[in-house]
1. Check B:Ala451 against each of (1) at pLDDT below 95; (2) hydrophobic (A, V, I, L, M, F, W, C); (3) surrounded by 20 or more Cβ atoms within 10 Å (Cβ to Cβ) and name the one condition it does not meet.
2. Name the residues in region B:445-464 that are out of contact with any strand residue (DSSP E or B) (no Cβ under 6 Å at 6 or more places or on another chain) and more than 14 Å from B:Arg423 (Cβ to Cβ), would you?
3. Looking only at residues that are charged (D, E, K, R) and assigned to a loop (DSSP other than H, G, I, E, B) in region B:169-223, which one is surrounded by the fewest Cβ atoms within 10 Å (Cβ to Cβ)?
4. Which condition number does A:Leu169 fail, the rest of (1) part of a helix (DSSP H, G or I); (2) in contact with a Ser or Thr (Cβ under 7 Å, 6 or more places away or on another chain); (3) crowded, with 19+ Cβ neighbours inside 10 Å being met?
5. Starting from residues that are of a type in the set (Gly, Ala, Ser) and in contact with a helix residue (DSSP H, G or I) (Cβ under 6 Å, 6 or more places away or on another chain), keep the ones in region A:80-120 and report whichever is nearest to A:Ala283 (Cα to Cα).
6. Restricting attention to region A:113-138, which residues are more than 29 Å from B:Leu208 (Cβ to Cβ) and either in contact with a His (Cβ under 6 Å, 6 or more places away or on another chain) or among the aliphatic types (A, V, I, L, M) (or both)?
7. Just one of the numbered conditions (1) within 14 Å of chain A (Cβ to nearest Cβ); (2) under 15 Å from B:Gly413 (Cβ atoms); (3) surrounded by fewer than 20 Cβ atoms within 10 Å (Cβ to Cβ) is not true of B:Ile140; which one?
8. Look through region B:404-429, keep the residues that are in a helix (DSSP H, G or I) and over 17 Å from the mean Cα position of the chain (by Cα), and return whichever of them is nearest to the other protein chains (Cβ to nearest Cβ).
Amino acid sequence: MAVTTTEPLPVLPLAGLAARGLAQLKRLAFALIFLSPSIILFGVFIFYPLVKSVYLGFYETDPLGNQGDFVALDQYRTVLTSEDFRHALWITVLFTLYTVPPGIVLGLGLAMLANQKLPGISIFRTAFSSTVATSVAVASMMWLTLLNPSVGLINYFLQEADLPRIDWLNDPDWALLAVSLTTIWLNLGLATIVFLAGLQSIPERLYESARIDGAGRWATFLHVTLPMLSPTLLFVTVVGTILAFESFGQIHILTRGGPLDATTVIVYSIWQEAFQRFDYGVAAVQAVGLFILVLGLTGLQIRFLERRVFYQ
Amino acid sequence: MKRAFMFLAILLLALGLAACGGGEEGTTTGAEGTATPAGKTVKITFWHAMGAANQETLKRLTDQFNASQTEVQVELQFQGTYEDNLNKLVASRASGDVPAIIQLHDVTTQFLVDSGMLTPVQEFIDRENYDLSDFQPRVIEYYTVDGKLWGMPFNVSNPILYYNKVHFREVGLDPDKPPRTLEELTQYCQKLTIRNETGGIERHCIALEVSPWYIEQLLAVSGDLYVNNGNGRDARATEAAFNGPRGKEIFQWWHDLMDSVDAQNMGRNPGGDLHFLAIGVGQATMTIGTSAALRTIVDVLEAPGSIQLADVELGTGPLPGFADAKGGSLVGGAALWILNQRPKEEQEAAWKYIKYLVDPQQQAEWYSGSGYFPIRLSAYDLPAAKEVEAKYPHFRVAVDQFLRAPSTRATQGALVGPFVRVREIVQKAVEQTILTGKDPGQALDEAAAQATQEIQDYNRRIGR
C-alpha cells in the first residue's frame, strides 16, 4: 500500500515544486514497473474478454460463429425473457445452496478436527486438504464411476443396506444432488485449509482467558472461535459462492446439463450456446449477466456479512 | 491491512476463476523423429473420435501406413466425441490451428458443407479419376450433396439389438429368435422383466440410452422422412417432419415401455458404455447399441477380469422395426473431411492417407478390429473379413440389415444444417416423455416446432 499513499512532505520553496512532481512521477513509473506483469495479464485475460463480451452481446452471430448484424439490445431482451435462462438461474441458485453451506459446515468441522494437537495429525491434515490437489476432471471421473448405475459402489452399498438403488445421474430429482455431492467433496479441501489457517491464527491467550472465565467448550466456540474466525468465514462464503456460480467441469462430465436441464447452471448454458450452437452473441449476453450477478451478490455478501466480521 | 489483504485475495481469486474457463491445451506438433532419408516428408495431424478397441485398430492401421512410406507421416490426435471434435474445430478455426483431416459424424454433413471449411474429396476424385464403383453406393450417396462427395466415408455402423441368451433360456424364449419389431420387443419384455416380491425391478428386460440416433434410424426403417424437401436432399430443408404418425408411434412405444415394464433408462450416456455395462453385469437382458461396439464387447467378454461379469452369452439381432416397414436403416458413423485451411501439400498428403484407409484391405481389417462395416464391396471377400464373420456371426448382423435397405430419400438420411441442435431438441422430448410422463404426441409436436424454428433460424443466418 505504501506506493500509493502520499507521505507528508516538508514545505518547500516554489522552485522545489517541479522537483516534487518529478519525484512523484518517478515513483508512479516505478510502481507501474512492478505492477506491469499483473496489469498485462489481467488486461489480456480478464479485462479485454470482459469488454469484448459486452460488445459481442450487441451483435448477432451466424451459425459458423462469424459476427453478424448489429442488433442493439435484442439479444439482451431475448435472454432476459427466456424461460431457459430463468431456469438456469434457478438451478444455479439451488446448486449454490446445496454446495456452499454444507461445504462450510463440513470444512469447519474437519478443520476443528485437524487442529487438535495429536501425534501424526499432519497425516490427517494432508488427507483432509488433499482435494485441493485434485483436478475437477479427475474428481468427476471418480464420482462418475462411484455413481455408475451398474458398477457404482454407492448403489452397491445402498443395496447391501437393503435400500433402493438410486438412479443418481439419470433421475431429474437426484441429478443436481449428485453433482452437488461431487462439488462439496471437491471444494472441501480448500475450505479446510483456509479454516485451519484461521484457527491456527487465533492466539492461545484468548482460549486461556476463556478458560479462566469458566467458559465451556460450546461457549468458547461461540464467543471466541467463531468471532475470531469471522474474516475467514466471510472469505470462504464469498469464494465458495463464486466457485459454485462458475462450476462447469463436473456438470459437463457427470450429466451434460441433463436430464431435462436439471443440472443446466448458467455457465453450462453459456457453454452450450457458445460451443454447441456457436451463438457467441447470446452466450456473451449470458456471460455478462453472470458477471453482473456474481458482482452484485459478492457486493451484498460483503456489505451485509462484513458488519458481523471482527477484524483483529 | 489484514482487511485490505482479504479483499485483494477475494478479488484475485474471483478474477482468476473467471479466466479459468477457456483453458485449451495447445496442439502439439509432433516432434517425434520420423527419419527422412530422401525426399520431403509431409507431416499431418488427424483429429479422430475413436475410443476403446476402435482406437487401437485405427492406431495399428496408421502405424502401418507411416511405416510403409516416408512421404506422409500421420499423427493421430484423439479429441473425444464427435461433438467435441466439431466444437474444437469451430473454436480453432479463427487461429488456423486445425488438422489436415478430421473425423466427423454423418449428421454434421450439411453444416460442414455450409461452413466453407472443406476441400471436397470430389476434387481429388475427379482429378485422378479415382474409381468409386467398388464403394457401397448408399454410403457414397449419404455424403454427396449437390452432386459432390464432400467427405470420404470411413466408418459406417448401424444400431443393432444386443441381448443375453442365458436370460432368454431362463424364461423359456428361443435364444436364437430376437424380437423383430418394436411390438414384439414389448411382448418379450413382459416375459423377461423380473420383479422382487415388493414389485421392484430385479432385472430389467432392456436398457435404453436416450439417443436421438435411434429415432432417426427407426423413422428411416419405417420409410419416413426426418425433414421436408426429401430429407433436405431435393432442396434445403425448411421444416422438421419427424412428428408424423410413425414418429408418434415410436414415442408412444418408448413411453409405454418405460411405463409397463420399467425399462432401464441409461440417460444421455456420454461415455457410450452404460447400456452395455448393464448387460455385462446382468442388470438387463437386452439393449440397442451401435455395431461399432462389437469388437470391444467380444474382447471384454473373452477376457474378463477388469469387471466382474455376469453369466453372459452374447446374442445379436437387427434393430427391431415395424411389421409394415417400407424403408431400411440409415448410414451411421462418420467420414473423413479434408480442411482447406491447411496448405495444399498437407491436403494432398491427407488424400493419400485417406485412400489408404478406404482400401479394401484396410477396410477389412478395420471391420474385424471395430465392428464398423466395410464401405468397399470387395473387402468382404478378404480373409480378415471372412475370418471375423466365421468366428463371430454377430459382425454380419449390421451388414445384412444395411444391405437389405432400399435407396430412398428416407434411407439416404437427412441433411440438416443445425442437426446437432435438432438432436438436442429430440433428446429432450424423449426425456420429457419417459421421465415426466408428458404426452408423447405433444412432446414430439413441440419438439418439431422448435426444430423447425431452429432450421429456419439457421437458414436465415447463413443467408439461404
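The values are calculated or read from the model by the stated rules, or taken from the named source; none is laboratory data. Model, not experiment: these values are computed from the prediction. In this analysis, Cβ positions are derived from the backbone assuming ideal geometry, glycine residues included, and neighbour counts consider all displayed protein chains.
1. It fails just one condition, (1).
2. Here is the first cut: in region B:445-464, the residues out of contact with any strand residue (DSSP E or B) (no Cβ under 6 Å at 6 or more places or on another chain) are B:445-447, B:449-450, B:453-464.
Scanning region B:445-464 gives B:Asp445, B:Glu446, B:Ala449, B:Gln453, B:Gln456, B:Asp457, B:Asn459, B:Arg460, B:Arg461, B:Ile462, B:Gly463, B:Arg464.
3. Let us first name the residues in region B:169-223 that are charged (D, E, K, R), namely B:169-170, B:174, B:176-177, B:180, B:183-184, B:191, B:195, B:197, B:202-203, B:209, B:216.
Going one step further and asking which of them are assigned to a loop (DSSP other than H, G, I, E, B), we end up with B:174, B:176-177, B:180, B:197, B:209.
Details: B:Asp174: 9, B:Asp176: 9, B:Lys177: 12, B:Arg180: 17, B:Glu197: 6, B:Glu209: 24.
Here the answer is B:Glu197.
4. Every condition holds for A:Leu169 apart from (1).
5. We begin by selecting, within region A:80-120, every residue of a type in the set (Gly, Ala, Ser); these are A:82, A:88, A:103, A:107, A:109, A:111, A:114, A:120.
The next check asks that each one be in contact with a helix residue (DSSP H, G or I) (Cβ under 6 Å, 6 or more places away or on another chain); those that pass are A:88, A:103, A:107, A:111, A:114.
Details: A:Ala88: 13, A:Gly103: 30, A:Gly107: 34, A:Ala111: 39, A:Ala114: 43 Å.
So, considering only residues that are of a type in the set (Gly, Ala, Ser) and in contact with a helix residue (DSSP H, G or I) (Cβ under 6 Å, 6 or more places away or on another chain), the one nearest to A:Ala283 (Cα to Cα) is A:Ala88.
6. Kept after step one, since they are more than 29 Å from B:Leu208 (Cβ to Cβ), are these residues of region A:113-138: A:113-136, A:138.
A:Leu113, A:Ala114, A:Leu118, A:Ile121, A:Ile123, A:Ala127, A:Val132, A:Ala133, A:Val136, A:Val138 - these are the residues of region A:113-138 that are more than 29 Å from B:Leu208 (Cβ to Cβ) and either in contact with a His (Cβ under 6 Å, 6 or more places away or on another chain) or among the aliphatic types (A, V, I, L, M) (or both).
7. So B:Ile140 meets the others, but not (1).
8. Taking region B:404-429 first, the residues in a helix (DSSP H, G or I) are B:404, B:409-412, B:419-429.
Filter again for over 17 Å from the mean Cα position of the chain (by Cα), leaving B:404, B:409-410, B:425, B:428-429.
On the way: B:Arg404: 33, B:Arg409: 24, B:Ala410: 26, B:Ile425: 12, B:Lys428: 7, B:Ala429: 10 Å.
Looking at residues that are in a helix (DSSP H, G or I) and over 17 Å from the mean Cα position of the chain (by Cα), I get B:Lys428.
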